[in-house]
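Peer 1: Sharing a structure here in C-alpha cells format.
The values are calculated or read from the model by the stated rules, or taken from the named source; none is laboratory data. Because the structure is predicted, anything quoted here is derived from the model rather than measured. Positions of Cβ are backbone-derived with ideal geometry, glycine not excepted, and every protein chain shown enters the neighbour counts. Areas reflect the complete protein model, heavy atoms only, side chains present, ligands, DNA and RNA absent. Shrake-Rupley method; radii C 1.70, N 1.55, O 1.52, S 1.80 Å.
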Amino acid sequence: MLTFVALASVLLLGIVPEQTEAIAIYTGWERHALLGSDIRLSCSFFSWRLTSDDVTFSWTYRPDGSRDSISIFHYTSGQAYVDNKGPFRDRVEFVGNPGKRDGSILIKNLDYNDNGTFTCDAKNPPDIVGRPSSVRLLVFETVPIQAGVITGAIIGVVLGLLVLIVVIYYLMRFLVARRVFSLSVSKHGKKKREGSQARQGPAPTADPTKVKAASSEKKKQESRKDKK
Amino acid sequence: MLILLAGIFGIHIIGIIILLVATIDNVWWMTDEISTDVWARWIQTNGVWNLTDLPTGSHYPQDYLQAVQASSVLACIFSIIGIFVFVAQLFTLEKGQRFTISGAFQLLACLCIMIAAAIYTDRFHLDEKNGWYGHCFILAWIAFSLTFISSIIYFVLRKKTA
C-alpha cells in the first residue's frame, strides 16, 4: 500500500511540472472598430514563473487574404520598439504594463487596409514554450449589432417586466396592510381612552416603521383632541 | 394521492425536457444535405458536416428569427421557474387552495412556445419545396400541448392534505 502511494506521488510530481511550464497567452478573438477611430489590442499572459526582467512581447500583423506576416511591435529589456517603416508607422503606441503581464498596444486612425489578424507572442524567460494568440480586426463604417444582442434584449426585457410586476404586487400588499394596521390601531386607541385606564396594547408585528406610524397617528389624535 | 402528484410532476418535467430539446437541438428543417434550426445551420459537404450561419435574405427574415429565438428561450425559462414554484407551493399552500401561480407560469411557457412555433411555421420555408420539418419542430408543438394540459391541471387541482 505504502509503495503504491509513493509510486503514485512520484509519478504525479513527475508529470505535473511539465504540464504547468507552458506560457498561456490571451488576446481577444475578434475586434470591431469604426473607421478613423483608435483601438486597443489587449494581450496578457499566464505563467507559473514570476515575471522576469527579460519578459518580451511582440506583435505581428497579417493582412486579410495574405500569407505573409510583418512584425509591428517588439518589447524587450524594458524598451518598447514600434513600427517605423511598415504599414503602421507612427500609429502604434505601447499602452501595456509589462510588470503586470500586460502587453497591449494602441493603434490609431484605423483604415480599411488595417483589416487583418494581429498575433501577440509573449515570452517570460525561462518560461518560453507557448502558443501565440491572434485577434482579428474588422473595420466598419458603422458598427453592426451582433446577432445575439437583440434576442438577449427581448428576453431581458420580458423577465425584467415579470420581476417588476412581482415587486409591485408585494409592495401594494405591504402598503395596504400598513394602512389597515394604522387605522385599526387608532380606532382601538380611541375606544380604550373612552373606557377605563389605558393599558399598553401589544403591537401585533415587530415592525418598527409600523409601530412608529401607529404612535404618530396616536399623537396626532391626542393633539387634535387637546386642541378641541 | 402520491401517484397523482408524481404524475403531475412527471408531466411538467417531460414538458421541460421537450422544450429544452426543441430549443437546443439542430433539427427544425431538414433536407438531404442541410439540417437547420433557429440558431445555425449544418451543411453536409463530401460526407463532413459543417456549421454555418443562417442565410440572410428576404426569405429568411431576421426579426422574425430573433422573435422565435427569444420566445423559445423564454418558454424554457418560464417552465423551469414553474417547476420550482410548484415545489414551493406544495409546502406553503393552505388546504383547499389552488396552484394558481404554477399554472400561470406554465401558461406563460405555453404561450411563448406557441408564439415561437407559430411564427416559424408561418414565416419560414414558405416556398422551399424539397425538405421536411425535423423532429425538433414537432417537439415544439408537442411541448405546447403538454404545457397547456399541465397548466390546466394546476388551475383545477386543489391541495388535499396540509
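Peer 1: Return the total of residues in the stretch A:149-166 being more than 16 Å from B:Phe105 (Cα to Cα) and more than 20 Å from the chain's Cα centre (by Cα).
Peer 2: Adding up the residues that qualify gives 4.
Peer 1: Scanning the stretch B:50-104 for residues that are open to solvent by 20 Å² or more (accessible area, probe 1.4 Å), within 11 Å of chain A (Cβ to nearest Cβ) and of a type in the set (Gly, Ala, Ser), which turns out nearest to B:Tyr154 (Cα to Cα)?
Peer 2: That would be B:Ala104.
Peer 1: Among the residues of the stretch B:16-40, which ones are open to solvent by 20 Å² or more (accessible area, probe 1.4 Å) and within 13 Å of chain A (Cβ to nearest Cβ)?
Peer 2: B:Trp39
Peer 1: Just for the stretch A:57-73: of the residues that are within 13 Å of A:Asp102 (Cα to Cα) and either out of contact with any helix residue (DSSP H, G or I) (no Cβ under 9 Å at 6 or more places or on another chain) or of a type in the set (D, E, K, R) (or both), which one is surrounded by the most Cβ atoms within 10 Å (Cβ to Cβ)?
Peer 2: A:Trp59
Peer 1: I'd like the full set of residues that are surrounded by 14 or more Cβ atoms within 10 Å (Cβ to Cβ) and without any contact (Cβ under 8 Å) to a residue 12 or more places away in the chain, limited to the stretch A:40-56.
Peer 2: The answer is none; no residue qualifies.
Peer 1: Could you grab me the full set of residues in the stretch B:112-162 that are small (Gly, Ala, Ser), crowded, with 16+ Cβ neighbours inside 10 Å and in a helix (DSSP H, G or I)?
Peer 2: Of everything in the stretch B:112-162, those that are small (Gly, Ala, Ser), crowded, with 16+ Cβ neighbours inside 10 Å and in a helix (DSSP H, G or I) turn out to be B:Ala116, B:Ala117, B:Ala140, B:Ala143, B:Ser150, B:Ser151.
Peer 1: Go through the stretch A:80-128 and count every residue that is over 23 Å from A:Gly65 (Cβ atoms), surrounded by 17 or more Cβ atoms within 10 Å (Cβ to Cβ) and aromatic (Phe, Trp, Tyr).
Peer 2: Counting residues in the stretch A:80-128 that are over 23 Å from A:Gly65 (Cβ atoms), surrounded by 17 or more Cβ atoms within 10 Å (Cβ to Cβ) and aromatic (Phe, Trp, Tyr) gives 1.
Peer 1: Would you pick out the residues in the stretch A:140-159 that are surrounded by 10 or more Cβ atoms within 10 Å (Cβ to Cβ) and more than 12 Å from chain B (Cβ to nearest Cβ)?
Peer 2: Hits for the stretch A:140-159 are A:Phe140, A:Val143.
Peer 1: Let me ask another. With the checklist (1) closer than 30 Å to B:Val68 by Cα; (2) within 25 Å of the chain's Cα centre (by Cα) in hand, flag the one item A:Phe140 doesn't pass.
Peer 2: Of everything listed in (1) closer than 30 Å to B:Val68 by Cα; (2) within 25 Å of the chain's Cα centre (by Cα), A:Phe140 misses just condition (2).
Peer 1: Next question, about the same structure. Right, A:Ser77: among the hydroxyl-bearing types (Ser, Thr, Tyr) and loosely packed, with under 10 Cβ neighbours inside 10 Å or not?
Peer 2: So A:Ser77 passes the test.
Peer 1: If you don't mind, another one. Test each condition in (1) open to solvent by less than 80 Å² (accessible area, probe 1.4 Å); (2) over 26 Å from the mean Cα position of the chain (by Cα); (3) at pLDDT below 85 for A:Lys190 and report the one that comes out false.
Peer 2: Condition (1) is where A:Lys190 drops out.
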